[in-house]
Structure formats: C-alpha cells, structure tokens
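Visitor: Here it is: the structure, laid out below.
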Amino acid sequence: MPNIFPEVVRLGKYEVEKGKSSVSGLSSGAFMTVQLHLAHSASFAGAGVVAGGPYRGVETFRGAAPLAEDAYELNALQLCMAPLLPELAPNARRSLQLAQEAEQAGKIDALSNLRNNRVYIFTGTQDNVVHSPVVAQTRELYRLLGLSDANLAYHDDLPAGHSLITDNPEDSPLELNQPPYLNNGGFMQSHRILNHIYPDLKPPAERLSGRLLRFDQSEFLDGQQAYASMGKFGYAYVPQAVADGAPARVHIALHGCKQGYSYVDFSYGRADISSQPPYGNRYVTTTGYNYLADSNNIIVLYPQASGSDDNQAQNPDGCWDWWGYSSDDPANPDYYSRNAVQIRAIHAMLDRLGG
C-alpha cells in the first residue's frame, strides 16, 4: 500500500499513448465525466458513468433557461437528479442539440470522435440521489452520438444505493445511500469499468509496484483558484513499469460529492487530512483502480474538488461543477466547455502526464 500522505511532487511526463486515455466518475464526478468526455473527445477512448446524467442536463428540461445563478443550483440539485415529473427530467435529444451547438461554436471537440469509444453506465435500483430515469438519458445520449450497443454497457438491475461499488467488507451495505458513498457489493466496480473500456486487460496486481504521487493542483488553475473549488492537492498512481519508461494509458477517476481528500468521517466534517483519519482518501486508495492499473501500465489520475461556500464558488459539499457554479459569468455559464476552469485544469493535468 502506498503511503497515504506522500510528499508533494511536480506532476511528471510519461510515455502515454495519445487518444487512449479514459475517464470515470461517481455522482457529480459522473456528470463531470460526461462533460469532460465530450469537451475533449479527441483525448479519450472511453468513459465510465456511475449515477450521472447527460451533458448539460440542467439545461435540457422545459423552462430551464434562462436561469439565474440560484435557479441553476436549485434545478441542478433537485430537478435534474430527482425529477418530480417526467417532463422535468433531463432530455437526451435536447442534450444532443446543446452538444452540437457547443461543437459548432468551437467550445468542445468534434462529436464524431466518440463513435468508436467504449462507455460503461450504471444506475442502482435503490439510488434515491440520482434517479435511474436520469441515468437512462445518459445512455440514450451516447446512442444518439453513434455508439453501438456492443460499445455501450448499461447496467440497471442491481439493488445498489448511490455509490461506487467495492468488495471491501468495511464499506456500507449495498442498498444504502450515505457517505462515503462506497458500498460493498462483492466486486470492484472500478475493474468492470476499466475492463469494459479496455477489453485487453490483465488481472489486477496482488501488490502495488508503483507510487502514489501527491501534486499541487494550483499550477493548473491559471490563477483562478477562487472560482475553481478545487483542492490544493491532487493524486496520481504511477505503476513502476510506467515510471521506468513503458508505454502507458491514463485513466482519470473523479470522486463524487463529499469524497475528496478534504472530507473525513461524516461525524468530523471537513478537516485537514494531516490531522484526521484518511476517510477522504478512500476513493484514491480503496476503490481498486490502482491494482488493475498496476498490472496494465495505466496511470490513474485523481483530481480533487473541495468544498467552498464563499460568494464566488458556492459548493459546500465538494462537488464537481455540472451546473455552473464556477463560471465567471453566471448568466452565461461555461461549465460544459473546454474553457471551463475545472475541465481546463483536469485536461492540463492529462496533458502534463503525456496524454
């Protein structure tokens, strides 16, 4: 097991194969996964979406625009995740139209890049945070974008709550909807995601060979830390073979709300990880990504969002921005584009790594 509190290093460059990176996430990380996947489709070979809605979902239902800043948050957190009526749910066809408009405006990469990608989508039948009909619209969006059924894995029959699933006995029972949103279902969902995106993978390593790196995220934020709502540190797991020069791929793993390093046990609230139990590092250390990555020369990048409830970035639960809180101009949010502060920072990290 790598040191949970490694020294801070500068993120390095490796022999990464261009266009073969991937991204996955849970909840707000899943919404961000879809946005990042479409914004930088030329960089990716696939994605994993666990309990996440379609691209620009908060703008896809009737009456969603124009929206004031506070209305965006209300619609995002209430209507987009758990719609009260069918007509208020996100709509894949409207999502496609918004993606095409962003493409035509030069705000995202060409959507045609996505047709041969492989995408894993999951929704639990007991999820009362992001309802299954919302996630079903994500599947429909990717179908509309041209993905074949062979490349699009959709799972909606497991009685899981709002969570990334693990085989860790210390994690919550499968059906619960509670922090840390890691539930024991007897398998590592991270392995299923990666095995779908990359069908040629070897079994996971029994022991980790590489290093868990901690790096300063601020150098990727172009001085926009106040708006970004991202933690000071990010993490990356680098297998030893990759450090020695072997060709590699990068997988970006995006945590959900209350899962970044600045969160510890629910009874503690937010705290400095140096003085509290490493609850907030569990997405990095116990979700299984690193073990499968180790045996397959995959770098796992773990960017970190952080909580902020100031006037510039109202995000107390440390969620990734999928409704516009980080936009400079709330009347014209750009959270979905290559220019969005979080998307730009994460892609800059990928670029640094070589992908």
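Visitor: Which whole-Hz couplings ³J(HN,Hα) result when phi for each residue of region 124-135 is put into the Karplus expression 6.51 cos²θ - 1.76 cosθ + 1.60, θ = phi - 60°, listed in order with x for Gly and Pro?
Guide: These are the phi-based 3J(HN,Hα) values: x, 5, 9, 6, 9, 9, 10, 5, 4, x, 5, 5 Hz.
Visitor: Quick query: amide H of G46 versus all other amide H atoms, modeled in the peptide plane; which residues come in under 5 Å with a sequence gap of 5 or more or a different chain?
Guide: HN-HN under 5 Å from G46: V23, R118.
Visitor: Enter the accessible area of R139 (Å², nearest 10), with the probe set to 1.4 Å and all protein chains included.
Guide: Counting only protein heavy atoms, the figure is 60 Å².
Visitor: State in Å² the accessible area per residue of region 149-203; use a 1.4 Å probe, count heavy atoms of protein chains only, and round to the nearest integer. Mind showing how you got there, number by number?
Guide: On the way: 2420 Å² over 55 residues.
Here the per-residue accessible area is 44 Å².
Visitor: Right, here's the next one. With all protein chains present and a 1.4 Å probe, how do K13, K258 order by accessible area, largest first? Write down the numbers at each step before the final one.
Guide: Values: K13 145, K258 55 Å².
From most accessible down to least: K13, K258.
Visitor: Related question: Please report, in Å, the Rg and the Dmax of region 68-189, where both are computed over Cα atoms only.
Guide: According to the Cα coordinates of region 68-189, Rg and Dmax are 16.4, 48 Å.
Visitor: Would you kindly state how much longer the chain becomes between E15 and L84 on full extension, computed as 0.36 nm times their sequence separation minus their alpha carbon distance, in nm to one decimal? Working shown, then result.
Guide: Working: separation 69, 0.36 × 69 = 24.84 nm, distance 4.82 nm.
Using 0.36 nm per residue and subtracting the Cα-Cα distance, I get 20.0 nm.
Visitor: Restricting things to Cα coordinates, could you compute the convex hull volume per residue of the chain in Å³? Mind showing how you got there, number by number?
Guide: Values: hull volume 43.7 nm³, N = 355.
Looking at the chain, the number lands at 123 Å³ per residue.
Visitor: May I ask you to derive the relative contact order of the chain, considering only C-alpha pairs under 8 Å and at least 6 residues apart, and to give it as an integer percent?
Guide: Details: 852 pairs, mean separation 81.9, N = 355.
It rounds to 23 percent for the chain.
Visitor: For a distance above 23 Å, tell me the whole-number percent of Cα pairs in region 145-260 that qualify.
Guide: On the way: 3281 of 6670 pairs.
Cα-Cα pairs of region 145-260 separated by over 23 Å account for 49 percent.
Visitor: Roughly speaking, to the nearest percent, how much of the chain's 1.4 Å accessible area is carbon and sulfur?
Guide: Values: 6430 of 13690 Å².
Carbon-and-sulfur percentage of accessible area, whole number: 47.
The values are calculated or read from the model by the stated rules, or taken from the named source; none is laboratory data. Since the structure is predicted, the reported quantities are computational estimates derived from the model, not experimental observations. For accessibility, only protein heavy atoms count, side chains too; no ligands or nucleic acids. Shrake-Rupley method; radii C 1.70, N 1.55, O 1.52, S 1.80 Å.
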